[in-house]
Amino acid sequence: MDAQRVLFRNGTVITMDPALGDLPTGDVLVNGQVIEAVGPDLGDVDAEVVDATGKIVMPGFVDTHRHTWQAPLRGIAADWTLGQYMTGLHLGLSGMFRPEDTYAGNLLGAVEALESGITTLLDWSHNVNTAEHCDGAVAGLHDSGIRAVFAHGGGAHMYQVPSTVKHDEDVRRVRDEYFSSDDQLVTMAMALRGPQFATLDVTVHDLALARELGLLVTMHVGDGEWGRSRPVARMHERGVLGSDVTYVHCNTLADDELQIIADTGGTASLSPDIEMQMGHGWPATGRLMAVGVRPSLSIDTCVSNGGHMFGTMRVTLATQRAIDNQQPGASDRSAVTLTARDVLSFATIDGARACGLEDKVGSLVPGKQADVVVLDACTPALSPLNNPIGQVVYAAHPGLVDIVMVAGRFVKRRGAMIGGVAQRARDLGIASRDALFERAAAADALAAARIGGDWHPEPLVTSSSSPELA
Ligand SMILES: [Zn+2]
């Protein structure tokens, strides 16, 4: 780790900190791994100077839920229904993964995230069928250079719904072997199935295990019809909910369940583009805000949508505006309930809170870790820069990400990833993809599996009691 100082000079600084605010012109000084100072003009300092004139300096994005292992299968589900995703992916190609494929997927997915300005990623890892798969997943995150939370989610043997199988005990080894300290770039959480996939007794057990191991919990609830089974209310009746739980999706939870999340101090992770594509229901953004829960945002899966936060922010804002605009009196200015600043906050500091990292990342504040993104605002797409936050949310894209820094270390500069990691990730991802489809072709049930966009698996026949794994 470089222990040197770097000064981002003369940029438009978006701190996402209420006290520091936005600086139309400002400097950010990094010393080693941490931010030393933020101000309108830090003067002459002994540091490497990065000229940020015409650029936006902001905190890195935080993605609070991504099934990173799926990256080699990018795009194959663009025209699939949820039922096809279930058979083609979860009951199909997921079983073709060797540990080296899990490694390649996590490396590729994490590098993809980094390149687009996501500096913290919660890896919702639910295809670790063996200890070796798990080791591959952790190594992929490590080798990418991203700040990550590895959320241990077990493998297929835990997903015979409704499962009476307790969470994989290998989680104890992983905690001891890789995550004995919580003060490292990659930390750990538990990705629990919860009552939509496991019995309530198993869920209560799994929550107790997470707390025994001192790990935060992330859990899918309220996605689609199956989410109407009152998963949050049922857990609450057992008295097991707390501020250490992040609820993923939440679309079809009842209002009183959202209130339970608020009352127990929980956090939320929304993936609006996937939720609408897969039929989970309208994003719960506004309903959560109404009970005082500021959601975080997540990419979920790259087998259909893109892996960057710009798209997700845009869909988040657009869907809530659409919902608001259907309300009576919507032509009134008061119909705008959600702002671009809210959405950027979801994608940064609120995400940091969901990951338990609000003291370390999510805003540009002295003393915090230096996870910094610089966007090129000189492009015609962002010129003139009249409303920096509005334009970041509505008009920016990964191609404008000029610099990415994680813990004071440059991982992307002058628009390019550093150190050959992007090429290595791409090469491994393609090789893994080829191997996955080669093995699939040899398996009777997946004989039709192919790339190109014209493979449409038979959908899982769903009913109100069917699982939804997205
Ligand atoms: Zn998910």
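Summary table
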read-out	value
Relative compactness, region 336-444, computed as alpha-carbon Rg over 2.2 N^0.38 Å	1.42
Cα pair distances of region 14-150 binned at 10 Å [whole percent]	11, 31, 26, 16, 13, 3, 0
Quotient of C-alpha Rg and 2.2 N^0.38 Å, computed over the chain	0.94
Hz values of 3J(HN,Hα) by residue in region 439-455 - Karplus curve (6.51, -1.76, 1.60), Gly and Pro given as x	5, 4, 4, 8, 9, 3, 5, 10, 4, 8, 5, 7, 8, x, x, 10, 9
Distribution of pairwise C-alpha distances over region 86-238, 5 Å bins, in %	2, 9, 18, 21, 20, 15, 10, 4, 0
Sites TRP282 and ASP183, calculated FRET efficiency, Cβ-Cβ separation with R0 35 Å, nearest 0.05	0.35
q = 0.14, 0.16 Å⁻¹, region 373-434: log10 I(q)/I(0) [Debye, one scatterer per Cα]	-0.54, -0.65
3J(HN,Hα) from dihedral phi, region 146-158, Karplus parametrisation 6.51/-1.76/1.60, rounded to Hz, x for glycine, proline	7, 7, 9, 10, 7, 9, 5, x, x, x, 4, 5, 8
Residues with amide H under 5 Å from that of HIS220, placed H, sequence gap 5 or more	VAL248
Order of GLU100, GLU237 under a 10 Å beta carbon neighbour criterion, fewest first	GLU237, GLU100
5 angstrom amide H check on ALA449, placed H, neighbours 5+ away	none
Under 5 Å, built H, 5+ apart or other chain: amide partners of VAL411	VAL404, MET405, VAL406
Range of Cα positions in region 250-358 per principal axis (Å), largest first	38, 33, 26
Cα radius of gyration and Dmax for region 326-372 (Å)	15.4, 46
Considering only the chain, percent of DSSP beta bridges that pair antiparallel, nearest 5	40 percent
Sorted by Cβ density within 10 Å, fewest first, the residues SER181, SER243	SER181, SER243
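All of the numbers you see were taken from the coordinates with simple rules; none came from a lab. Just so we're clear, the structure is a prediction, and the values are computed from it rather than from any experiment. For neighbour counting, all protein chains shown are included, and Cβ atoms are generated from backbone atoms with ideal geometry for every residue, glycine included.
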